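Here's the structure, in structure tokens; my notes come after.
The values are calculated or read from the model by the stated rules, or taken from the named source; none is laboratory data. Values in this document were obtained by computation on a predicted structure and should not be read as measured data. Reconstructed Cβ throughout: ideal geometry from the backbone, glycine too, with neighbour counts over all protein chains shown.
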Amino acid sequence: MKTYIGYLIVMCNLLLCSCQQTTSNPRFYDEGVSQELAILRKQEIKELKYKLYFSIPEQKSVPVNGEIAIEFNLDAPQEIILDFREKPEKIKSVSVNGQTARYEFHNEHIILPEKNIVEGKNNITIKFIAGNQSLNRNDEFLYTLLVPDRARTLFPCFEQPNLKATFSLRLDIPTAWKAVSNTYITKEETKGNCKTVTFAPTEPLSTYLFSFVTGKLEHQEYTEGNRKISAYYRETDSKKVAQLDTIFKQVTASLNWLEEYTNVPYPFAKYDFIILPGFQYGGMEHTGATLYNDTQMFLSENPTPDEELRRTQLIAHETAHMWFGDLVTMNWFDDVWTKEVFANYFAALITEPLFPQVNHQLNWMKTYTAASLSEDRTPGTTAIRQPLDNLQNAGLIYGQIIYNKAPVMMVKLVELMGKEAFREGIQEYLKTYAYANATWDDLIQILNSKTEQDLTAFSDVWVNQKGMPIINFEVSGKQLTIHQQDSYQRGLNWPQKFNITLCGTRDTTIEASLTDSLCRIMLPFTPTRILPNTDGRGYGLFVPDNNSLHWLLEHWQEIDNETTRQAVLMMMHENYQAKRIPNTTWMNALLNGIHCEKNPLIASTLTNYLSSPLQETSSVERDKIENELYRLSYSHPIPSCRIQLLRLLITETASPAMIQCLYSLWETERVQQLNEKDYTTLAYELALRIPEQGKEILFATQRGYGDMKGSWEFPGGKIEPGETPQEALKREIQEELDTKIKVGSLIDTLKQSKLITQEKEV
């Protein structure tokens, strides 16, 4: 009987660590981080500091042990709710102010009762096993990626962007590994096979910006004046590694430009970047330790102008985040777009002097406007600013709208208030909220003080409302009537300016300024046709009169001005998407253009646009078109266009004859301009289109045993002792497929656990 009673007491104590707690506001205890909980904690928690320790074993199968000390101040004792998205058994111990503490674990929260908390300074120490969801582990390296709410999957914390804290980090790692984090290393100690690396405390950071990388990494340094930058990477191809010189110079140029524009020196202790295979995004702006995907940074031997521009823009984008997102951070993730709009807007300005030969207005339209229109025309489009009730849903906010429409909006805002007034406002914004948090409305309040324009009203339409205007044009004699229509019938008007070209006895360009649903303009003469938005500044579906549209479809490629040619090409594409242009007519217009186009960026746009009408073309006509495009892939005067046409055919070819042409291309690998990734894509596509030859194209074998008997799988196996990965690959394929192979260079690495669960960011 005594034993039974003792058992009950033990069980009651265990339940204390996991039972649910009732409260006047149950949303505090929701899974994730509710907005209500975040607001409460922001009001109460002050002077937050984290001290973190992780023991990183060399074998990725061995758990990572961690310890965190969380220090903060309170005005009064109260219940504390920490975030930890892991199993409760991964918590090894909890102490509060030096005493072992009881706690509850409920809905991804560690809940500490008020009786353990004191007025003033508190210190919570938790020993735990680190979660693997955001601890991206490979055989020879690992990295953290904690955006938007994944710090809580790695260690217990207050997971919200407006509770900035200093982070102190100590790592135990294998002796042969290097380590990088947000700040510089203050001490390294080696004992046997283990090395302890200690980092200096960070500046105030949001949890999603904390990061570390460790593993077998190569290292290079670059110095210009008083600025020293370090690069860490895994790449071994000497030709690709040689690109670091260009990368270093572009990072430095970005830092210099931002310092000059903002009048704020680089705000963090150091600037390093890490280039990793398999990194999920193009880049991530961890302070002082920016992560990049290696395929985005180390380009193929013959990169297209698009690829070179994208790399530079990516570098400028992530560098701009050091000021916009890192120094000043959004208050809540409903304003995550504010860091992205600045990064893209300034990336474009930074890139301009680095590529003086490029038409940057044209590139802006192609990069941002076209991508935004493609999303904004769909029924599922959203406003730039979206409500967010719980941080766990923050990943749903990312998309084309915040990355592409937001910069389009920003250009119009700057045009409305003037460049110098905008710059003054930005400098005041950074000074006011340095190392802190701000909302979009905080910025608008500052910008409003620099202009007589009503930026609040402007913002309400462009930022808080979804969709785009439909703009119709009618000519009657010398009068032009412009109708602006809200496709959702809310009566909204989008204030904006754009140029209109009047054609007739002479060509004249005028500027239209839309402020209402109806605009009438008296013209200097009666035009034979009007071409709207010829400078590409306008945003929306521009619907010219029928006469003008028919002329453009036949003659657009004859327009000399490159900006205008790109602008009318995009306008026609939107009219095609709106079912105002028949498929055959649109295909002919594109083919007429691709034959004679001399600008690589416009040619790239044309190639992208060809995909949709090609899919809608009848089989007989499609055969002819594919043959024509194939000939152009060898004869077109623009090298990058030839590559892009081949890539189009690789993914879109349907005719048997063209499939055989591509098969011959795959067999011989005779197109040197195609890279390894292109040939891998070609192999996948051919295996789908020629299943009878699939085995010789794409190596796979049918499993003859186990639960997955009969299913197809790629060959694989274990590396034997003393065997290199290359030797293991050759042996396994010989054993499983009776085929001898030559192993080329590494394309990429994949983590099986990420194939299903990994979210995608822009």
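Points worth noting:
- When residues of the stretch 638-672 are limited to those that are among the hydroxyl-bearing types (S, T, Y) and surrounded by fewer than 14 Cβ atoms within 10 Å (Cβ to Cβ), the one modelled with the lowest pLDDT: T668
- Failed condition for K366, given (1) in a helix (DSSP H, G or I); (2) closer than 27 Å to L146 by Cα: (2)
- Restricting F72, F54, F128, F105 to residues that are in contact with a Lys or Arg (Cβ under 6 Å, 6 or more places away or on another chain) and buried (at least 18 other Cβ atoms within 10 Å of the Cβ) narrows the list to F128.
- Residues of the stretch 134-152 satisfying the condition of being buried (at least 22 other Cβ atoms within 10 Å of the Cβ) and among the hydroxyl-bearing types (S, T, Y): Y143, T144
- Matching residues in the stretch 483-506 - criterion: being crowded, with 20+ Cβ neighbours inside 10 Å and under 37 Å from the mean Cα position of the chain (by Cα): Q484, W494, Q496, F498, I500, T501
- One residue alone among L244, L314, L291 is without any contact (Cβ under 8 Å) to a residue 40 or more places away in the chain and closer than 19 Å to V180 by Cα, and that residue is L244.
- Of the listed requirements (1) under 25 Å from D139 (Cα atoms); (2) of a type in the set (V, I, T); (3) within 20 Å of the chain's Cα centre (by Cα), T236 misses just one: (3).
- Leading residue by the ranking (farthest from A289 (Cα to Cα)) among those in the stretch 210-233 that are among the polar types (S, T, N, Q) and exposed (fewer than 15 other Cβ atoms within 10 Å of the Cβ): N226
- Subset of the stretch 452-471 [surrounded by 16 or more Cβ atoms within 10 Å (Cβ to Cβ) and either under 28 Å from N546 (Cβ atoms) or more than 29 Å from the chain's Cα centre (by Cα) (or both)]: Q453, G467, M468, P469, I470, I471
- Filtering the stretch 498-532 to residues that are under 15 Å from N472 (Cβ atoms) and either in a helix (DSSP H, G or I) or in contact (Cβ under 8 Å) with a residue 60 or more places away in the chain (or both) leaves only P532.
- So P387, is it surrounded by fewer than 19 Cβ atoms within 10 Å (Cβ to Cβ), at pLDDT 95 or above and not in a helix (DSSP H, G or I): yes
- Condition broken by V358, with the remaining ones in (1) under 16 Å from Y539 (Cβ atoms); (2) outside any helix (DSSP H, G or I); (3) touching a Pro at 6+ places or on another chain (Cβ under 8 Å) satisfied: (1)
- Within the stretch 179-195, the set of residues being part of a strand (DSSP E or B) and in contact with a Ser or Thr (Cβ under 8 Å, 6 or more places away or on another chain) comprises A179, V180, S181, I185, T186, K187, E188, E189, T190, C194, K195.
- For first residues located in the stretch 677-689 and assigned by TED's automatic domain parsing to the domain that holds Q644, partners that are of a type in the set (S, T, Y) and lie 6+ apart or on another chain with Cβ distances below 7 Å form the pairs E685/T651; L686/Y663.
- Selection count, the stretch 180-195, where residues are within 14 Å of P57 (Cβ to Cβ) and at pLDDT 95 or above: 2
- Residue in the stretch 543-555 that is in the same structural domain as D486 (by TED's automatic domain parsing), in a loop (DSSP other than H, G, I, E, B) and either aromatic (F, W, Y) or without any contact (Cβ under 8 Å) to a residue 12 or more places away in the chain (or both) present: no
- Residue within the stretch 34-53 that is under 20 Å from F128 (Cα atoms) and either modelled with pLDDT under 95 or assigned to a loop (DSSP other than H, G, I, E, B) (or both) present: no
- Odd one out for I444 among (1) among the hydrophobic types (A, V, I, L, M, F, W, C); (2) without any contact (Cβ under 8 Å) to a residue 24 or more places away in the chain; (3) closer than 29 Å to T202 by Cα: (3)
- Look at (1) in contact with a strand residue (DSSP E or B) (Cβ under 9 Å, 6 or more places away or on another chain); (2) hydroxyl-bearing (S, T, Y); (3) modelled with pLDDT under 95 and you find that S95 fails only one, number (3).
- Conditions (1) under 30 Å from W332 (Cβ atoms); (2) crowded, with 16+ Cβ neighbours inside 10 Å; number of the one not met by L514: (1)
- Single match in A289, A347 (criterion: within 28 Å of E415 (Cβ to Cβ) and small (G, A, S)): A347
- When T381 is tested against (1) among the β-branched types (V, I, T); (2) over 18 Å from I470 (Cα atoms); (3) outside any helix (DSSP H, G or I), only condition (2) is not met.
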